[in-house]
Amino acid sequence: MRFGFHMFMVDPAEHLDIARTADECGWDSIQVADAPFFPEVSSVPYPYTPDGTRFWPLDMPVLDPWVAIASMATVTRRIRFIPSVLRLAIRQPLLEAKSLCSVAAISNDRVALGVGLAWMPEEFKWLNVDMKTRGARQDEAIQVMRLLMRGGMVEFHGKYFDFDRVTMAPVPKTRIPIYVGGATRPARQRAARLGDGWLSVIHTMAELKGLIDELNGFRREAGRDKEPFDIMLHCPDAQTVDDIRRLEDMGVTDLQVTPWAQPDMRAEQGVGAIMQQQPTLAMKQDAIRRYADAVIAKFS
């Protein structure tokens, strides 16, 4: 089992100190958000809170994910970084591949890519992208990014992205995994078909077995059940080392936690209620160290 946490709602001024602390203590990953902008009014509810409201203030600072990762990579040695999730369906994959390859070079390939479908119609409308084709666009974009990361002269001729022979450098020295995010059945199907793993939000231990069984069925249908595959998610009711070992037995490879959150938080309260807890920097660093000593050390 590997362990990570998310930086959403964390003051950007704290990022470097937190990254250094986690790197020193044996944490495996840090996730960062992708939020190009927040419309004052969204025409659809937020999908990951019980009442559909956005749980963050709209003027909350959110760094561009590639800037956040590059800055933290320069002050760490071993921890890896993951955009979670990059809203690939509203982005141009040739440009995103360039950013990913650049960050890989700076970090010595300590990066993975989490991708997901943007959920706000305003993002698609104002970025001039058709929301109705977002799933198919993301499928092609994943293929484009994999192709460009191989290096050499490549070309791609799809329905949504079309280019003749180009090359990109530098490219990663090792394969950069792409995790497909989302809590829906289509997201799990896409992860099984195209991803190196499934990245989800928040689930209880009771529901995970069924979800993972379904995911493994999709992988068999795609002929990919023998390939390495990561499963990364939050599970707040996995409180003890024995609980986490049970997750490991189910196939979970990466447990996302918020070490400075209250230990009695429940999955039904939503990931927002957990992330809203933002104590001082010193308290966060203390919590990172305590969790590493109490839990992560048992899995070393």
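Values quoted throughout were computed directly from the atomic coordinates according to the rules given, and no laboratory measurement underlies them. Since the structure is predicted, the reported quantities are computational estimates derived from the model, not experimental observations. Neighbour counts are summed over all protein chains in view; Cβ atoms, including those assigned to glycine, are modelled from backbone coordinates with ideal geometry.
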Just to be sure I understand the filter: pairs with C-beta atoms under 7 Å, separated by 6 or more residues or on different chains, first member in the range 86-109 and over 24 Å from TRP126 (Cβ atoms), second member buried (at least 22 other Cβ atoms within 10 Å of the Cβ) and among the aromatic types (Phe, Trp, Tyr). Which pairs pass?
SER107/PHE81
Are any residues in the range 116-127 touching a helix residue (DSSP H, G or I) at 6+ places or on another chain (Cβ under 7 Å), surrounded by 17 or more Cβ atoms within 10 Å (Cβ to Cβ) and part of a helix (DSSP H, G or I), and if so, which ones?
GLU123, PHE124
When the range 19-52 is examined, which residues are found to be on the phi > 0 side of the Ramachandran plot and in contact with a strand residue (DSSP E or B) (Cβ under 9 Å, 6 or more places away or on another chain)?
GLY26
Given (1) over 23 Å from ALA33 (Cβ atoms); (2) touching a residue at least 40 places away in the same chain (Cβ under 8 Å); (3) out of contact with any helix residue (DSSP H, G or I) (no Cβ under 6 Å at 6 or more places or on another chain), LYS159 misses just (2)
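Among the residues of the range 221-235, what is the count of those that are under 19 Å from PHE3 (Cβ atoms) and out of contact with any strand residue (DSSP E or B) (no Cβ under 7 Å at 6 or more places or on another chain)? Reasoning before the result, please.
Our first condition is that a residue be under 19 Å from PHE3 (Cβ atoms); within the range 221-235, this holds for 228-235.
After this cut, where a residue has to be out of contact with any strand residue (DSSP E or B) (no Cβ under 7 Å at 6 or more places or on another chain) as well, the list is 228.
Of the residues in that region, 1 qualify.
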So which pairs qualify, if the first residue must be in the range 116-134 and over 20 Å from PHE161 (Cα atoms), the second must be outside any loop (DSSP other than H, G, I, E, B), the Cβ gap must be under 6 Å, and the two must be at least 6 apart or on different chains?
PRO121/MET131
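Every residue in the range 128-137 that is outside any helix (DSSP H, G or I) and surrounded by 15 or more Cβ atoms within 10 Å (Cβ to Cβ), please. Outline the logic, then answer.
At the first step, the residues of the range 128-137 found to be outside any helix (DSSP H, G or I) are 128-130.
The one that is outside any helix (DSSP H, G or I) and surrounded by 15 or more Cβ atoms within 10 Å (Cβ to Cβ): VAL129.
Table: residues versus (1) within 21 Å of GLY182 (Cβ to Cβ); (2) touching a Lys or Arg at 6+ places or on another chain (Cβ under 8 Å); (3) in a loop (DSSP other than H, G, I, E, B); (4) in contact (Cβ under 8 Å) with a residue 40 or more places away in the chain.
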residue	(1), (2), (3), (4)
ILE18	no, yes, no, yes
VAL62	yes, no, yes, yes
TRP66	no, no, no, no
ALA70	no, no, no, no
THR76	no, yes, yes, yes
